[in-house]
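Nothing in this text is a laboratory measurement; each read-out follows from the coordinates by a stated rule. All figures in this text were calculated on a predicted structure; none of them were measured in a lab. Here the Cβ positions follow ideal geometry from the backbone for every residue, glycine too, while neighbour counts run over all protein chains shown.
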Amino acid sequence: MGNSVGCLTRKSLKVDPTTQQDSIYEWQKHHEILRKSWELICQQKTDNGVSVFINLIKLSPATKIYFHGVDFEKRDSYLAKNTFLRNHAARFMEAINVIIGQDMDIFSVESYFRVVGSKHHSYNLKLEHVQDISDAFLEMARNALKKKFTKSTEAAWRSFFQMVTDAIKNGIMKAQNRN
């Protein structure tokens, strides 16, 4: 059974016995920083998720093609109310919530995001756009956390998103090879 921690749900999962100790150490080293900063980000989870996607479009305008029917020429206040964008932001942030809120081993996290990548292949997500989500998230975190966004926080999230984007790319490539 999980217990509620902010907007997190903590569950214990068995660690894969084949897990390399250095990967576990890296995950554990950053996990507490991620968890604490995530609790603050979660206070406005969907709004912060919308900010991630607005940041993504600003950083990489070519990614507009993945958001059918969203007029990114409108003001941010309009975009913050867009149902499609809010729903996608809620799903994106919930995926992160599931990972950060669980004591998961690194291989389970990577496996989860490979599946996400495989699903996004059906939307023709290009590999070069996957990495942009990391910078978009970091910009949102910087704005949401303000003075609590430290170098350690940035390093932890950058490390997390490197693992996430690598896994998503692997999922996309695996799906491409099946076709």
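So the values come out like this:
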| read-out | value |
| --- | --- |
| Rg/Rh ratio calculated on Cα atoms of the stretch 42-178 (Kirkwood radius) | 0.95 |
| Those lysines that a straight Cα-Cα span of less than 21 Å connects to LYS174, excepting residues fewer than 8 apart in one chain | LYS119, LYS126 |
| For the stretch 42-178, with +1 on Lys and Arg beta carbons and -1 on Asp and Glu, the positive-most of SER122, HIS88, TRP157 along the dipole | HIS88 |
| Dipole magnitude of the stretch 42-178, debye to nearest 20 (Cβ charges: Lys/Arg +1, Asp/Glu -1, about Cα centre) | 220 |
| Dimensionless Rg over Rh [the stretch 70-120; C-alpha; Kirkwood] | 1.13 |
| Per-peptide average of other Cβ atoms within 10 Å, ordering 60-71, 124-135 highest first | 124-135, 60-71 |
| Residue order, fewest to most beta carbons within 10 Å, for PHE160, PHE92, PHE149, PHE137 | PHE149, PHE92, PHE160, PHE137 |
| Point-charge dipole on Cβ atoms (K/R +1, D/E -1) for the stretch 107-179, about Cα centre, debye to 20 | 160 |
| All lysines inside 29 Å of LYS151 as judged from Cα atoms, apart from same-chain residues fewer than 8 positions distant | LYS11, LYS29, LYS36, LYS45, LYS58, LYS169 |
